[in-house]
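The values are calculated or read from the model by the stated rules, or taken from the named source; none is laboratory data. Keep in mind it's a predicted model, so treat the numbers as computed, not measured. Cβ: placed from backbone, ideal geometry, glycine included. Neighbour counts: every protein chain shown. The area values use the complete protein model at the heavy-atom level, side chains included, leaving out ligands, DNA and RNA. Shrake-Rupley method; radii C 1.70, N 1.55, O 1.52, S 1.80 Å.
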Amino acid sequence: MTPQQLKASILKYAMQGKLVEQKPEDGTGEDLFCKMQQVSKPNKNVTPIVEEEIPFDIPSSWKWCKFGELVDCSMGKTPPRAEPVWWQNDIHWVSISDMKDYGHISYTKEMVSQKALEEKFGGISTKGTLLMSFKLTVGRTSILDIDAVHNEAIISIYPYVDTENYFRDYLFYILPIVTQWGDSKNAIKGKTLNSKSIANLMIPLAPLNEQHRIVAKIEELLPYVDRYAAAYEKLEQFNAKFPEDMKKSILQYAIQGKLVEQRPEEGTGEELYRQIQSEKQRLIKEGKIKKEKPLAEIAEDEIPFDIPESWKWVRLSQIAILENGDRSGKYPVEKDYVDFGVPFFGAKDMCDAVMSFDNVRYISMEKFAELGNGKLQDKDFICLLRGSVGKCALFIADEQHHTGFICAQMVIIRCINTAICHYLASFLASPFYLRYIDSKVTGTAVRQLPAKELGNVLIPLPPLAEQKRIVAKLEEILPLCERLK
């Protein structure tokens, strides 16, 4: 149950006579109604109560009445906005924005002149008057702690018999509920009440002393509702964050070797690393990739957490090739776009963990042939170097899209052994990777990441067979996190 529902339940119990006991010495609602009729003003909008209008049972000592039989109301006006003479700092002027749910008004954003009071309003609502909105935010109630006038979307309410403000306070709490069910024949049309529907709101009338006890009980309970609301809000925040926090924890466990067991027969990360280095040397020898400067050894103080003995710490650029796009004068511009051809990817095409073809731009094969670096192969990662830096998505080739080209703010991460790409995708979504990227970002107006820093990120490398089991376990567990959202 939400705090709003709990408060509404308390108020409904109050209106049904279930919040406090009835006492014979309090008299009856009929007695109070008769006293009110002795001083009431005729209201031509009030219609007789029919059985179908009664929304619920009330105690036998209470009486169903129409709002227009129990109170007098006055409506406000708004002086012309274009004429400054009306808007001076003489009298507080209340609009719905000044009213808070079940609140008191001691300040208003605007004030009007004495001239407006005399010529436009004809009277002032004094301190202690009950106000209710009847347009837009229908049924909002407030009590004035100042003398004021108000706009035409608000009424001032004056109970016929209420020397101690018992009935005022009772209405203060129940009207927001009453206006939500109202008179089914005449009440709310759209988001507005009118004179007739206001007059015909159904009011469960309790004796005055019982009204006083009801209000006291409501005001005793509301602080508990507020405490419940604070706890509920914390729980809602926790629930909102929990699926994502759980996902992050699972991914972190995965790259720390804690998600599946290690099996000796699957080999080691060192053996996989050597295989990748052998393949890298072959590609260099064949001229398919360039030889790079040797990377610095991984120092002991660089290692962020423990991993299984069968794993190995490596740098991304040791197991993958990082390739920027062609940023020469041949870089595609708008006139190079075609209806269909080679996808020209931008940041907007990074959909979840894979690149999307839905709204991608295309360049012709001829234009693509002119370009140098930045041409995609199946299972290449694309990483953003500007804006949402570090965000990665996998390019998956299909029958229509065998390759693609990246924009200037991106870099390609090409695994030397494509079999590791699914484990690498999990690593690139992990909290450790995201924290590393955040620590290497430069620029304030536009966040940027040097490609060299991307290549230096440390990766815990498991044996290939274990990688596959990790990915399978993640594919089993992570969808459960999504269901929690």
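How big is the charge dipole of region 103-183 about its Cα centre, in debye rounded to the nearest 20, if each Lys and Arg gets +1 on its Cβ and each Asp and Glu gets -1 on its Cβ?
On the way: 7 positive and 10 negative charges, 46 e Å.
Its charge dipole is roughly 220 debye.
So if we plug the beta-carbon distance of residue 135 and residue 386 into 1/(1 + (r/R0)^6) with R0 = 41 Å, what FRET efficiency do we get, rounded to 0.05?
Working: r = 49 Å, r/R0 = 1.19.
With R0 = 41 Å, the Cβ-Cβ based efficiency is 0.25.
Taking a quarter of the surface of the Cα convex hull of region 134-175, what do you get in nm²? Mind dumping the intermediate values first?
Values: hull surface 13.7 nm².
Mean orientational projected area (region 134-175, Cα hull): 3.4 nm².
What is the gain in length, in nm to one decimal, between residue 110 and residue 126 on full extension, counting 0.36 nm per residue of separation less the C-alpha to C-alpha distance? Mind showing how you got there, number by number?
Details: separation 16, 0.36 × 16 = 5.76 nm, distance 1.70 nm.
Length gained between residue 110 and residue 126: 4.1 nm.
For region 340-472, report the accessible area per residue in Å² (1.4 Å probe, heavy atoms, rounded to an integer).
Values: 5490 Å² over 133 residues.
Accessible area per residue, region 340-472: 41 Å².
Please turn the phi angles of region 156-169 into ³J(HN,Hα) values with the Karplus equation 6.51 cos²θ - 1.76 cosθ + 1.60 (θ = phi - 60°), one per residue in order, whole Hz, x for glycine and proline.
Along region 156-169, the couplings run 8, 10, 10, x, 6, 10, 5, 5, 9, 6, 5, 5, 4, 5 Hz.
Which FRET efficiency value, to the nearest 0.05, is calculated for residue 337 and residue 295 with the Förster distance at 30 angstrom and r the Cβ-Cβ distance? Please report the intermediate quantities before stating the final value.
On the way: r = 39 Å, r/R0 = 1.30.
Taking R0 as 30 Å, the efficiency between residue 337 and residue 295 is 0.15.
Put +1 on the Cβ of every Lys and Arg and -1 on every Asp and Glu Cβ in the chain; which of 124, 249, 179 then has its Cα farthest towards the positive end of the dipole?
249
Among the aspartates and glutamates, select those whose C-alpha is under 12 Å from the C-alpha of residue 35, and discard any that sit fewer than 8 residues away in the same chain.
Answer for residue 35, where 12 Å is the Cα cut-off: 69, 162, listed by chain and number.
Leaving ligands, DNA and RNA out of it, report the carbon-plus-sulfur percent of the accessible area of the chain at a 1.4 Å probe.
Carbon-and-sulfur percentage of accessible area, whole number: 51.
Could you tell me the accessible area of residue 305 in Å² (1.4 Å probe, neighbours in place), rounded to the nearest ten?
Taking all protein chains as shown, residue 305 has close to 30 Å².
Identify the residues of region 302-330 with backbone N under 18 Å of a label point that sits 7 angstrom from the Cα of residue 284 along the Cα-to-Cβ direction, or state none.
Label zone hits: 314-323.
Once the dipole of the chain is set up with Lys and Arg at +1 and Asp and Glu at -1 on Cβ about the Cα centre, which of 104, 225, 425 lies farthest towards its positive end?
425
Round to the nearest 10 and give me the degree value, 0 to 90, for the angle of helix 431-440's Cα axis relative to the longest principal axis of the chain.
Long axis of 431-440 versus the principal axis of the chain: about 80 degrees.
Nearest 10 degrees is fine. How inclined is helix 3-15 to the longest principal axis of the chain, computing both from alpha carbons?
The angle comes out near 20 degrees.
Straight-line reach from residue 66: which aspartates and glutamates have Cα under 16 Å away, leaving out those fewer than 8 places along the same chain?
Residue 66 reaches 30, 31, 51, 52, 53, 57, 183.
At 1.4 Å probe size, with every protein chain present, just tell me what the per residue accessible area of region 137-263 comes to in Å².
45 Å²
With each pseudo-label sitting 7 Å past Cα toward Cβ, what's the residue 6-residue 25 distance in nm, one decimal?
Result for the modelled spin labels: 3.4 nm.
About the Cα centre of region 292-353, how large is the charge dipole given +1 on each Lys and Arg Cβ and -1 on each Asp and Glu Cβ? Please answer in debye to the nearest 20.
Values: 7 positive and 14 negative charges, 78 e Å.
Here the size comes out at about 380 debye.
Taking the structure as given and computing Rg and Dmax of the Cα atoms in Å, which label from (i) 36.0, 108; (ii) 24.0, 79; (iii) 42.9, 141 fits?
(i)
Using 0.36 nm per residue, how much length does the chain from residue 145 to residue 263 gain when fully extended, once their Cα-Cα distance is taken away?
35.0 nm
Using the Kirkwood formula over every pair of different C-alpha atoms, what hydrodynamic radius in Å results for region 282-437? Walk me through the numbers before you get to the answer.
On the way: mean 1/r = 0.0589 Å⁻¹.
It is 17.0 Å.
Report, in deg cm²/dmol and to the nearest 500, the calculated mean residue ellipticity at 222 nm for the chain, where each DSSP H run with n ≥ 4 adds -39500 (n - 2.57) and the sum is divided by the residue count.
Details: 13 runs with 166 residues, N = 485.
Helices in the chain give a 222 nm mean residue ellipticity of -11000 deg cm²/dmol.
Averaged per residue, what accessible area in Å² does region 33-117 show with a 1.4 Å probe, protein chains only?
Numbers: 4920 Å² over 85 residues.
Accessible area per residue, region 33-117: 58 Å².
So what's the angle, to the nearest 10 degrees on a 0 to 90 scale, between helix 464-483 and the longest Cα principal axis of the chain?
Long axis of 464-483 versus the principal axis of the chain: about 10 degrees.
For residue 109, which lysines qualify as cross-link partners when the Cα separation must be under 18 Å and same-chain residues fewer than eight apart are set aside?
Within the straight-line limit of under 18 Å, residue 109 reaches these lysines: 77, 100, 127.
Bin by bin, in steps of 5 Å, what percent of the Cα pairs in region 377-485 do you find, going until the bin that has the longest distance?
Pair shares across the bins are 2, 11, 19, 21, 19, 15, 11, 3, 0.
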